[in-house]
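Here is the structure we will look at, set down as structure tokens.
The values are calculated or read from the model by the stated rules, or taken from the named source; none is laboratory data. Since we're looking at a predicted model, the values are computed, not measured. Heads up, the Cβs are rebuilt from the backbone with ideal geometry, glycines too, and the neighbour counts pull from every protein chain shown. Areas reflect the complete protein model, heavy atoms only, side chains present, ligands, DNA and RNA absent. Shrake-Rupley method; radii C 1.70, N 1.55, O 1.52, S 1.80 Å.
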Amino acid sequence: MDDQRFWQHAADHLVRYGGAFTPRVIERAAGSHVYDSEGRAILDFTSGQMSALLGHSHPDVVRAAGEALGTLSHLYSGMLSRPVVDLAKQLADSLPAPLSRMLLLSTGAESNEAAIKLAKLYTGNYEIVAFDRSWHGMTSGAAAATFSAGRRGYGPAVPGNLTLPTPDAYRSPFRHADGSHDWETELDYGFRLVDQQSSGSLAACIVEPILSSGGIIELPEGYLARLKEHCAARGMLLILDEAQTGLGRTGTMYAFERDGVVPDLLTLSKTLGAGFPVATVMTSAEIEQTCHERGFLFFTTHVSDPFAASVALTVMDVIERDALVDRSQVLGKELTDRLLDLRDRYEVVGDVRGRGLLQGVELVADKESKAPADELGRAVTTACLERGLHLNIVQLPGMGGIFRIAPPLTIETADLHAGVDILEAALRSVA
């Protein structure tokens, strides 16, 4: 069918589930580009849905997926296969003690759902704390801990979800006398509010090391350590959601490594499948044993699927073989330098933040007021697409539009710089 009929059928038959669809019909994808129905190449600065860590159609992943589909892709959920056990061992070897036990699932929301259930069963409590700009998924428990969007119109969320202020260094009202961000006071204040909200049944705190849908908000150095102290003082577990920050994207294998803080539960998804639906929960032997004894139940259709494990094993092998963690660090430095240069030269570029190949650019009306510039953000997004660059912009109340830049770790250096060149051209054309 031609493009006009395509869009008519889409309008007639699809349920709309978020913002507007990108106005291109995508026919194929390879490496760091997707290609539309007119054959135009579009540089993908979002790695699909922040997931195609190795780029699109990576030959090793394609080969592993094909072999798994032809030999062993799906089993009764109570059966085990070698790829699943091999993945559990490989993940455990890549993580610090005591994160040695794996639950293999399909999506990030599902892994966060399972982690929340484990925390509730282990502690015997039910209250979950998350940032006020959090996004942890769309299933009931994960959605209840999601505060950046989607809370209105559906009736009561799962009871017991409380918030902490997001430590946004660019906009936080908590300041030292010299104007720098006073995140320590902000965090302590947040937990005083938690204590006032709580019914005395605190189970866990779930956070991303870098909030992505919350606007690429990087937790300050020292924040995770202090957060874990607050959790320990209240008998809470710490859950880290590394759906987007895991497996090298930030310049370390896992983002929490920078801080030297080991969570009680770690969830991985997006990057682990490199575009396929793969997710895991990692936790300690002690938490797993206690929850098992108490009857932990998460028996789903695709739990421990060998296909998912085969793909994830290949992703991890490619990351190690091709030294992609180091590559992310090197390219991330080049990306930071380019984006900071834009910030220095353009009045509408208010802030640049993030690490490695997960970075954000916040657009504002002007640097002095920091006023949101929603229309500008939409115009720049459109101008980028017209020039062959796909960028995702987050627009939340009280913030400027934040571009989320997360290209594949395999992106060519020239393509990385070409993408920033397009962003600058788009800024010049509409600012």
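In whole Hz and in residue order, list the ³J(HN,Hα) couplings for segment 51-63 that follow from phi through the Karplus curve 6.51 cos²θ - 1.76 cosθ + 1.60, θ = phi - 60°; x for Gly and Pro.
10, 6, 4, 9, x, 7, 6, 4, x, 5, 5, 4, 5
Debye calculation, C-alpha points only, no solvent: report log10 I(q)/I(0) for segment 166-221 at q = 0.18, 0.20, 0.25, 0.27 Å⁻¹, in the same order as the q values.
Here log10 of I(q) over I(0) equals -0.72, -0.84, -1.08, -1.14.
When the convex hull of the Cα atoms of the chain is projected onto a plane and the area is averaged over all directions, what value comes out in nm²?
If I average the Cα hull's projected area over directions, I get 21.6 nm².
Among the chymotrypsin sites (Phe, Trp or Tyr not before Pro) in segment 177-256, which ones are in a DSSP loop with at most 15 other Cβ atoms within 10 Å of the Cβ? Mind listing them?
Passing sites in segment 177-256 do not exist.
How far apart, in nm, are the 7 Å Cα→Cβ label points at Asp366 and Ala30?
4.9 nm
With a cap of 14 neighbouring Cβ atoms within 10 Å, and only residues DSSP puts in a loop, list the trypsin sites (Lys or Arg not before Pro) found in segment 40-95.
For trypsin sites (Lys or Arg not before Pro) across segment 40-95 that sit outside H, G, I, E and B with at most 14 neighbouring Cβ atoms in 10 Å, the list reads Arg40.
Which ³J(HN,Hα) values in Hz, rounded to whole numbers, follow from the phi angles of segment 364-371 under the Karplus curve 6.51 cos²θ - 1.76 cosθ + 1.60, where θ = phi - 60° and Gly and Pro get x?
Once θ is set to phi - 60°, the couplings for segment 364-371 become 9, 5, 6, 5, 6, 7, 6, 5 Hz.
Given segment 232-373, report the % of alpha carbon pairs whose separation exceeds 20 Å.
Every Cα pair in segment 232-373 considered, those over 20 Å come to 62 percent.
Out of the total accessible area of segment 30-155 (probe 1.4 Å, heavy atoms of protein only), what percent is carbon and sulfur?
Summing carbon and sulfur atoms, their accessible area is 55 percent of the total for segment 30-155.
Report, by chain and number, residues whose modeled amide H sits under 5 Å from the one on Leu162, excluding near sequence neighbours (fewer than 5 apart, same chain).
Ile128, Val129, Ala130
Nearest 5 is fine: what % of DSSP beta bridges in segment 144-265 come out antiparallel, could you say?
Counting only bridges with both partners in segment 144-265, antiparallel ones make up about 40 percent.
Restricting to DSSP loop positions (anything but H, G, I, E, B) with no more than 14 other Cβ atoms inside 10 Å of their own Cβ, which GluC sites (Glu not before Pro) remain in segment 168-225?
Those that pass, being in a loop and sparsely packed, are Glu221.
Using 0.36 nm per residue, how much length does the chain from Ala11 to Arg428 gain when fully extended, once their Cα-Cα distance is taken away?
Result: 146.7 nm gained on full extension.
May I ask what percent, to the nearest 5, of DSSP beta bridges between residues of the chain are antiparallel?
65 percent
If each DSSP helix of 4+ residues adds -39,500 (n - 2.57) and the sum is divided by the residues in the chain, what number results at 222 nm, nearest 500 deg cm²/dmol?
-12500 deg cm²/dmol
With a point put 7 Å past each Cα toward its Cβ, work out how far Glu38 is from His74 in nm, to one decimal.
Here the answer is 3.9 nm between the modelled labels.
Any idea how far apart Ser198 and Met138 come out in nm if each label point goes 7 Å out from Cα toward Cβ?
3.3 nm
Given H placed 1.01 Å from N in the peptide plane, which residues other than close sequence neighbours of Gly350 have an amide H under 5 Å from its amide H?
Glu362, Leu363, Val364
Determine, for the chain, the count of lysine pairs separated by eight or more sequence positions (or lying on different chains) whose alpha-carbon distance falls under 30 Å.
Total qualifying Lys-Lys pairs in the chain comes to 13.
Ignoring ligands, DNA and RNA, please state the percent of accessible area on segment 173-273 from carbon and sulfur, probe 1.4 Å.
About 49 percent, which is the carbon plus sulfur part of the accessible surface.
Ignoring any ligand, DNA or RNA, what whole percent of the accessible area of segment 281-431 comes from carbon and sulfur when the probe is 1.4 angstrom?
51 percent
Residues with amide H under 5 Å of Leu237's amide H, sequence separation 5 or more or different chain, H placed in the peptide plane at 1.01 Å from N; which?
Amide H neighbours of Leu237, under 5 Å, 5+ apart: Ala204, Cys205.
Just to confirm, what accessible area per residue do you get for the chain at 1.4 Å probe, in whole Å²?
Per-residue value: 43 Å².
Can you compute 3J(HN,Hα) from phi for each residue in segment 414-422, using the Karplus curve 6.51 cos²θ - 1.76 cosθ + 1.60 with θ = phi - 60°, rounded to whole Hz and x for Gly and Pro?
Karplus-based 3J(HN,Hα) across segment 414-422 equals 5, 5, 4, 5, 5, x, 5, 4, 5 Hz.
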